[in-house]
Amino acid sequence: MVQIKRLISTDSNFNQALHQLLAFDAIMDESIDTAVAQILIEIKTRGNAALIEYTQRFDHVHASSIKTLELTHDELHQSLSSLPAEQRQALELAAKRIKTYHEKQVASSWHYREDDNTLLGQKVTPLDRVGLYVPGGKASYPSSVLMNAIPAKVAGVGELLMVVPTPHGEKNDMVLAAAAISGIDRVFTIGGAQAIGALAYGTETIPQVDKIVGPGNAYVAAAKRRVFGIVGIDMVAGPSEILVICDGKTEPDWIAMDMFSQAEHDELAQSILLAPDADFLNQVAKSIDRLIDTMPRHDVIRAALENRGALIQIQDLEEACAIANAISPEHLELSVDNPEFWVDKIKHAGAIFMGRHTCEALGDYCAGPNHVLPTSRTARFSSPLGVYDFQKRSSLIQVSDQGATKLGEIASILANSEGLQAHARSAEYRIKA
């Protein structure tokens, strides 16, 4: 039997219990941070030589030069051609849907003119070069390649580099095929903090990028934290999360499996169910106990559910939405009648899955919206990865002769009040007598 926590929203200690449930100790392991700091220094100062040494040490891949660790476009397309037709078609269909969705996000430049002919506006431009980190070896995340690379390409990024470790030389055809489909420009078989350093600082062979995106292990996350500011990063993600709000009318097995879908990521993943019916919560608990041992990753699922999972009885769906906003989950399922009504009550969530047939897994792979989402309550102020993460905005200001007099007088007053007389004088020079 899975020992998953049971909470009731009307209990006097509910808020404290919920706070403890959501708490996640994200303190950086000092040994990891120290190791990463040294690796980054070595990459920054010694470039290719250090990168080759670390690749040999950690991935057990011998290379005479970094060029031998770069895959050609032919190699990527060979991986694509080698896939079973079913897998290739699934990748291509997912890529098409992801591209169609993200094309709606493209921002355009704009401007307007005031009565005195002063022009104000915004110029939108794509980033020049972006680096994408992808886990490699036995781990296969072709969906991460699609979700990170396609919006960058739609945004118009000039050059997209991918780094992917190949422990003991083990390449993953699905990952490389996804790179081919996504149109990634260059792929290097390197990984870990050393790959992040190479992208952030550049080496003799690998050019410096402007932004680094993509998931990785604790060393990759620590490296991304350290290079932020030198380059941009997407986010430092915490464990995966799912919150399900159900009115008690969905098949209990469906809800249990939706909770499993996030719990199987790792032991720190979080799966929570909110429902007003105690009997329904009991049915879901029975489904969990009956189904868990049918899962290949049952040990991970069990640990996640017992560590950070919960079945919570709430008074009604109105209260469920209020609790959901407090939790601000990465994934939120509204498994209810009339989800269009209840979605208006939700303010904070990375992605909202509306209706009983909309399981979170569809969003992970092929629905279209991005699966790179804010975790650990950062949905209160963050958004899913998208085209806008690969574009930047420049303000446009062109002041007319007449406008220079009007604005100059305002600027002079404000600058003098701040004690910045050169600012004031610069504006005053352009005021017509």
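Observations on the model:
- Inter-centroid distance (Cα atoms) of the stretch 361-433 relative to the stretch 49-115, Å: 31 Å
- Per the Debye formula on identical point scatterers at the alpha carbon atoms of the stretch 239-380, with no solvent, log10 I(q)/I(0) at q = 0.13, 0.20 Å⁻¹ is -0.49, -1.24.
- Surrounding net charge for Asn325, when Lys and Arg each add one and Asp and Glu each subtract one, Cβ distance under 10 Å: +3
- Within-10-Å neighbourhood charge of Lys153 [Cβ basis; K, R +1; D, E -1]: 0
- Gyration tensor verdict on the stretch 283-362 (Cα atoms; rounded if a/c is under 1.5, prolate if a/b is larger than b/c, oblate otherwise): prolate
- Protection proxy ranking, peptides 271-283, 341-353, 79-91, average beta carbon neighbours within 10 Å, highest first: 271-283, 341-353, 79-91
- Global dimensions of the stretch 24-154 from alpha-carbon coordinates: Rg and Dmax equal 21.7, 67 Å.
- Stokes-Einstein D in µm²/s, Kirkwood radius over Cα pairs - the stretch 101-179 at 20 °C with 1.002 mPa s viscosity: 142 µm²/s
- A Förster radius of 51 Å combined with the Cβ-Cβ distance from Gln56 to Glu86 puts the calculated FRET efficiency at roughly 0.90.
- Relative contact order (%) - the stretch 239-380, alpha-carbon pairs under 8 angstrom, separation at least six: 27 percent
- Compactness of the stretch 173-299 is given as radius of gyration and Dmax, 20.4, 64 Å, from Cα positions.
- Sorting 398-411, 122-135, 224-237 by average packing, meaning the other beta carbons within 10 Å per residue, from highest down gives 122-135, 224-237, 398-411.
- Proximal charge balance of Leu127 [Cβ under 11 Å; K/R count +1, D/E count -1]: -1
- Positive-end residue of Ala35, Gln3, Asn117, charge dipole of the stretch 1-119 with Cβ unit charges: Gln3
- Counting Cα-Cα pairs of the stretch 141-240 in 5 Å increments starting at 0 gives whole-percent bin shares of 2, 12, 24, 26, 23, 11, 1, 0.
- Quotient of Cα Rg and 2.2 N^0.38 Å for the chain, N being how many residues it contains: 1.15
- Cα pair distances exceeding 24 angstrom across the stretch 296-412, given as percent: 47 percent
Coordinate-derived values only; no laboratory data. Since we're looking at a predicted model, the values are computed, not measured. Virtual Cβ from ideal backbone geometry, glycine too; neighbours counted across all protein chains shown.
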